[in-house]
1. Could you tell me how many of the residues in segment 433-459 are crowded, with 20+ Cβ neighbours inside 10 Å and aliphatic (A, V, I, L, M)?
2. Only residues that are modelled with pLDDT under 90 and aliphatic (A, V, I, L, M): list them for segment 90-115, please.
3. Taking only pairs six or more apart or across chains, which ones have beta-carbon atoms under 6 Å, a first residue in segment 327-349 that is open to solvent by 50 Å² or more (accessible area, probe 1.4 Å), and a second residue that is part of a strand (DSSP E or B) and among the hydroxyl-bearing types (Ser, Thr, Tyr)?
4. Pairs please, first residue from segment 421-432 and under 18 Å from Ser411 (Cβ atoms) and open to solvent by 60 Å² or more (accessible area, probe 1.4 Å), second anywhere and in a helix (DSSP H, G or I) and of a type outside the set (Ser, Thr, Tyr), Cβ atoms under 8 Å, 6+ apart in sequence or on different chains.
5. When only residues in segment 219-233 that are in contact with a helix residue (DSSP H, G or I) (Cβ under 6 Å, 6 or more places away or on another chain) and modelled with pLDDT under 85 count, which is least open to solvent (accessible area, probe 1.4 Å)?
6. Does segment 61-84 include one or more residues that are outside any helix (DSSP H, G or I) and modelled with pLDDT of 70 or more?
Amino acid sequence: MAAVQDDYEPQNGSPVVDFERAGASNIRLNVRNFGPVALADIDVKPLTVFIGPNNSGKSYIALLIYVLSKALTAQFSGFFPFSTIRAFRDYFYAEFDKNGAFVSFSDIAESDQVSLKREMDILVSRVEQSILANLTEYFGVGDLARLGRAGSSPDSFEARVVSPTADESGFVRISTEDQLGTIRVNRPVLESLRIPVWRNNKILPEELKMRFAAEQLWAQLASEHGFRETSEYYLPPARSGILTTWPLVTSMAIGAVRQRLGPEPIQLAALSGVVGDFLQHLLTNFMADGSLGQSREGGMDRVLEVLEGDILQGSVSIKTAPSESGLLQYEGATVVIPVQSASSMVAELAPLDLWVRQMVRPGDFLIIDEPEAHLHPRNQRHMARVLVRLVRAGVRVICPTHSSLIVHQLSNHILAANAPDAERKRLGFTEDDVLESSEIGVYLFDNAGQDGTIVRPVEITEDFGISEDEFVAVAEQIGDESYRLAAAGSPGS
C-alpha cells in the first residue's frame, strides 16, 4: 500500500491535516452468489445506475454498498474517544500542523509500535463487528449464511471490496465457510506506512497519539478503497407510502419525550433498516429545533433549481404545528398544504428535496431507489438533470431505476460534455449539466438465466452515450405486436 501523503494544507482558514490520498479510488465490489445475484463486478462511479427486471437484485446490491459504507466510515468519528468533539479534534490537527511529521514505522519507539498495532487491531475488530451487525439488521437475517443465493452451496457465497490495483487483493471479504459466516478486514501493514507523529508535545498522552494515528491511517486505507469521511443516505422506494406514517411516528416520538427528562435521541425500536434510517433522519432533525436547518453548499442550490423549480414547482419543509406534531408541508405558487394531501409526485420527492436542501454535502453517498416513481415522462427527464447536478455538486449517487427515459436523458448529458459551447447553450445545457463518460457506470442486472442474476456493465461511449439495448428490446416487442395486431385487423387480411 502507498504511504500516507506527506503534505497538508489549511482549509477554511484553520490548520487541517490532509491525511487522505489525493484522488481517492472508487469502490470496487465483487459479488458471487449473494442474494439473487450469481456474479457481479461493480466499479462505483460518481453516478452509478442499476437497470434490469424486477427482483433481479438491484436494490440488494445498493443496500450492500450502503451497509458497508456505514460500517467502514463510522470509524472516522466513533473510534477516537474525543473525535466527535470538533474543537478537540481540531486541536489535534493544529498541533500536528505545528509539530507533526510523518516517519517510518521503524523510527517510532518500540512501545509506540506495540501501542499502534494494538489500537489498529482494536479498530479493525470493531469494523468487522460493525459490518456483521449492519448486515444482519439491514438484510433482516439471523446469520450470514442466509444471505447466500438460494440453490448455491453455502461455502460459495462471497462479497468482496477489492483493492484498486492489478493484484485484486481484498480489503473486506464477507463469505460463508462450512455454513458459518465470516467477515475479514485486512489489517494494514504498518511497516509499509509512514506514521503521523507529534514532536515536542508533552500535553497529549502517548496512548492518545497512537489512537489518533490509528484512526488517521484507517481513514487513509478506507479512502484508498472509496470509503471517505462523509455521510451516506438511502432514500428507499415507495417513499410516498412511508410518509403516510409520519404523523403517527411524530406523535409517538413526542409522547415518548414527554415521559423522560432532558433531550435524548429518538430511537425507532420497531423500525429497522433503511426505512428506520429514513424516518430517524426526519425525527432527529425535526426534534432538534422544530425544523430542519437551512445551510447548504452552493452546488446544492443548482440542484434545487431543477428539483424545486422544474419538477416540484415549490418546496417541502418541516414545520412545528400548534399541536406539536411535525408537519411536512408543501409550499407551491398558489397552495400551502400538508405533503400527505399533495400529489403522489410531491410525496415521493419530498424526502429528496429535504435531504438536498438540509443534509447532503459534497462527498456524501446518496442512494435514490427508483427516482422515476410517480413522475410524468417530462419530469423523468428533469430527474436525470437532478442526478447530473448532484454529481457536479460532488455527491456520489447510486440509482436503481426502471426508467428508459432517465437513462436516455443521461446519455444526452454525456453527449453535451463534447458538444460545442454554442449548441450546448442553445439546447439549455449549462456547465452543471455535463457528464463525462468516465463519471458514470451503468450495470444491467440480467436474470434471464436459471442460475441467478449476472450483472453486466453497459457500454458507454462519448459519441453515442449509454447503450439502451435492454429497453430497445422491449420497445421492439411492443412495436412488433402492434404491427401484427394492426395487420390482422385490417380489411383484406
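The values are calculated or read from the model by the stated rules, or taken from the named source; none is laboratory data. The structure presented is a predicted model; accordingly, all values stated were derived computationally and were not measured. Here Cβ is always computed from backbone atoms with ideal geometry, including for glycine, and neighbour counts include all displayed protein chains. For the accessible areas, the whole protein counts, side chains as well, though only heavy atoms, and no ligand, DNA or RNA atoms are used. Shrake-Rupley method; radii C 1.70, N 1.55, O 1.52, S 1.80 Å.
1. 5
2. Once the filter is applied, which keeps residues that are modelled with pLDDT under 90 and aliphatic (A, V, I, L, M), segment 90-115 yields Ala94, Ala101, Val103, Ile108, Ala109.
3. That search, which allows pairs on different chains as well, returns Glu331/Ser315.
4. Going by the 8 Å Cβ cut-off, the qualifying pairs are Leu427/Ala416.
5. Ala219
6. Checking segment 61-84: at least one residue is outside any helix (DSSP H, G or I) and modelled with pLDDT of 70 or more.
One line per residue, one yes/no per condition, for (1) farther than 20 Å from Pro237 by Cα; (2) of a type in the set (Gly, Ala, Ser); (3) modelled with pLDDT of 70 or more:
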position	(1), (2), (3)
Ala269	yes, yes, no
Gly273	no, yes, yes
Phe286	yes, no, no
Ser291	yes, yes, no
Arg296	yes, no, no
Asp301	yes, no, yes
Leu307	no, no, yes
Asp310	yes, no, yes
Gln313	yes, no, yes
